[in-house]
Structure formats: structure tokens, C-alpha cells
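Each remark here refers to the structure printed beneath this line.
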Amino acid sequence: MKRDAQSTQEYTGRPEGPEQPAASSTSSAELKPRLWIFGYGSLVWRPGFEFTSRKVGYIRGYSRRFWQGDTFHRGSERAPGRVVTLLEDCGACTWGVAYEVCGEQQVAASLQYLNVREAVLGGYDTKLVSFHPRDKDAGEPIQALVYIATPQNPSYLGPASEEDIAAQIIVSSGCAGHNVEYLLRLADFMRYFCPQVEDKHLFSIEEALFALLPCMCHSEKAPEEVPSVLQKDERENFLQGSSRRDETIGTA
């Protein structure tokens with residue numbers, strides 16, 4: 001059973017950052033390079049790079065799946081964790097966050113950071129996708145860059161049942177923390193910021209994990225504790241923050 005979203009309405013519709021003044025046609029800002037980057041996994045709560053603005057929204061034609069292995073951030077060589085990648089899926093939508101980076105310094109720094117964080121091992125595709133902001137007044141879709149792990153990635157694990165994925169997540173941890181935390185933070189992002197969306201794959205794994213927890217209580221493989229998830233102040237911090245690097249909400 002999914003956990004109740006106790007404060008869903010409290011966070012829906014709040015501004016995602018300070019409004020930007022309209023730029024004149026001769027503004028030097030228009031001459032600066034600009035890039036949007038779409039995050040659908042840990043980037044939704046911890047981008048790790050400086051950005052100018054961010055928007056919650058979705059891309060079409062892809063499904064999010066816990067098919068990518070992780071032996072560093074959320075797992076180890078002995079017990080690989082599971083993190084998300086995207087699968088081409090006609091008719092599907094994946095919700096996440098798009099970050100706007102502006103100026104040569106911001107663009108270069110963000111790409112350098114993401115090439116290390118997301119693609120250092122190879123087996124990643126980078127694509128331009130049409131991002132549709134949740135804000136109905138946002139106008140036309142935005143072209144955004146996205147990183148997608150492929151079967152050629154050396155840590156790629158591929159499909160498994162929700163129960164098997166949950167069992168793997170519950171015993172895995174890495175330098176960034178427990179794999180359970182990754183799952184719960186992503187589920188909470190969807191629950192609080194996209195309450196109208198039913199991500200069946202994600203929530204089914206979360207449900208399977210909670211079903212396993214009582215069975216794991218007396219197991220030597222049980223995590224010491226279930227990691228904390230997005231708290232109220234963190235959600236408000238997400239909505240109010242705009243032009244900075246997030247350091248307060250987890251990591252990859």
C-alpha cells in the first residue's frame with residue numbers, strides 16, 4: 001500500500017522560484033548560452049550543479065525503470081544497488097525536473113559534473129527531448145538534455161519483478177547512502193510534486209519494499225534503519241530555491 005500524501009495540497013501550485021524579470025530584446029542575457037537539463041532520478045532532489053531556474057514537468061515517449069545497477073553511489077561490487085534509467089515507450093510519460101543553466105561558466109560546469117556523475121563508465125546516451133512544464137502558462141515545450149543508461153552500460157541489470165528489485169534495494173548501500181533512501185525520495189517527489197500521476201512501476205516497488213520490511217527485521221541483511229525521506233522543510237526548500245547548488249537533500 002502506498003503511504004498517504006498527507007500534505008499534497010499544501011505544496012501543489014506553489015511557485016518553484018522567484019519570478020524572473022522580462023528581458024528586453026537587447027538584453028545581454030539573450031546572448032548567453034543556455035541549456036536545460038532533465039532529471040528523472042536523483043537529480044530531482046539533488047542536482048549538484050548551479051542552475052538559474054527549474055521546473056517540474058514531464059517528457060513523452062519514455063518510462064522510468066529501476067533497471068540500472070549501481071556499485072558506487074547506492075550499492076557496492078558485493079551488493080549492487082538499483083537506480084533508474086529510461087526505456088523508450090511510445091505513449092508513456094516520465095515526470096521529473098528540468099534545470100536551466102545559463103552562461104558559459106554554468107553550462108560548462110554542469111556538463112563536466114554530469115559527465116562524471118552520470119556517464120563516466122560509458123554506456124549512456126545523451127538525447128535532446130521535449131520537456132513539458134507542469135505550469136500551464138509556460139508556453140511551448142522546452143528542449144532539454146537527458147542522460148539515459150543503456151544495456152551497453154557495464155552496470156546495467158535490466159528487468160526484474162518488483163519484488164526482486166525491492167529485495168535488492170533493501171540490502172544495498174553505497175557512498176551516497178542506502179538504496180532504500182533513493183527509492184523513497186523518488187517516490188516522495190512523485191507523491192508531493194506530481195500527485196495526479198500514477199507511476200505504477202515506482203510505487204509497486206515501494207509497496208513491495210514495505211511488505212518486505214517486517215520479514216527483514218530479524219535478518220542480518222536488514223538495513224539498520226529506514227532512511228528519512230523528503231521532509232516538509234526540504235520540500236519548501238525545493239520550491240523556493242532557484243539560483244543555487246542544492247547541498248541539503250541527499251546525493252546521487
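Scan region 171-179 and give yes if some residue there is assigned to a helix (DSSP H, G or I), modelled with pLDDT of 95 or more and open to solvent by less than 60 Å² (accessible area, probe 1.4 Å), otherwise no. Give the steps one after another, and end with the answer.
Initial filter on region 171-179 (assigned to a helix (DSSP H, G or I)): 179.
Next cut, modelled with pLDDT of 95 or more only: 179.
Checking the rest, the ones that are also open to solvent by less than 60 Å² (accessible area, probe 1.4 Å) come to 179.
Checked region 171-179: at least one residue is assigned to a helix (DSSP H, G or I), modelled with pLDDT of 95 or more and open to solvent by less than 60 Å² (accessible area, probe 1.4 Å).
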Cβ-Cβ distance below 9 Å, separation of 6 or more or different chains: which pairs start in region 189-211 with a residue that is closer than 11 Å to W95 by Cβ and touching a residue at least 40 places away in the same chain (Cβ under 8 Å) and end on one that is of a type in the set (S, T, Y) and open to solvent by 30 Å² or more (accessible area, probe 1.4 Å)? F193/T12; C194/Y58; P195/T12; V197/Y58
Restricting region 101-112 to residues that are of a type outside the set (S, T, N, Q) and open to solvent by 20 Å² or more (accessible area, probe 1.4 Å), the residue that is nearest to L183 (Cα to Cα): L111
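Based on this model, can you work out whether R60 counts as among the basic types (K, R) and part of a loop (DSSP other than H, G, I, E, B)? Full working, then the answer.
Working: among the basic types (K, R): yes; part of a loop (DSSP other than H, G, I, E, B): no.
No.
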Flagged pairs (Cβ under 9 angstrom, 6 or more apart or on separate chains; first in region 66-85, free of Cβ contacts under 8 Å to residues at least 40 places away in the same chain; second surrounded by 17 or more Cβ atoms within 10 Å (Cβ to Cβ) and part of a loop (DSSP other than H, G, I, E, B)) are E77/T71; R78/T71
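Listed here are the residues, each with its yes/no results for (1) open to solvent by 30 Å² or more (accessible area, probe 1.4 Å); (2) modelled with pLDDT of 95 or more; (3) part of a loop (DSSP other than H, G, I, E, B).
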{"residue": "A23", "(1), (2), (3)": "yes, no, yes"}
{"residue": "F38", "(1), (2), (3)": "no, yes, no"}
{"residue": "R54", "(1), (2), (3)": "no, yes, no"}
{"residue": "R65", "(1), (2), (3)": "yes, yes, no"}
{"residue": "L87", "(1), (2), (3)": "yes, yes, no"}
{"residue": "L114", "(1), (2), (3)": "no, no, no"}
Looking at (1) open to solvent by less than 10 Å² (accessible area, probe 1.4 Å); (2) at pLDDT 80 or above, which is the only condition G241 fails? (2)
So G75 ticks every box in (1) surrounded by 23 or more Cβ atoms within 10 Å (Cβ to Cβ); (2) assigned to a strand (DSSP E or B) but one. Which box is left unticked? (2)
Qualifying positions in region 198-233 - under 21 Å from Y62 (Cα atoms) and modelled with pLDDT of 95 or more: D199, K200, H201, L202, F203, S204, I205, E206
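The values are calculated or read from the model by the stated rules, or taken from the named source; none is laboratory data. Bear in mind the structure is a predicted one, so any value in this text is a computation, not a measurement. Because the Cβ atoms are built from the backbone with ideal geometry, glycine has one as well, and the counts that use them run over all protein chains shown. Note: areas computed on protein heavy atoms with side chains; ligands, DNA, RNA excluded. Shrake-Rupley method; radii C 1.70, N 1.55, O 1.52, S 1.80 Å.
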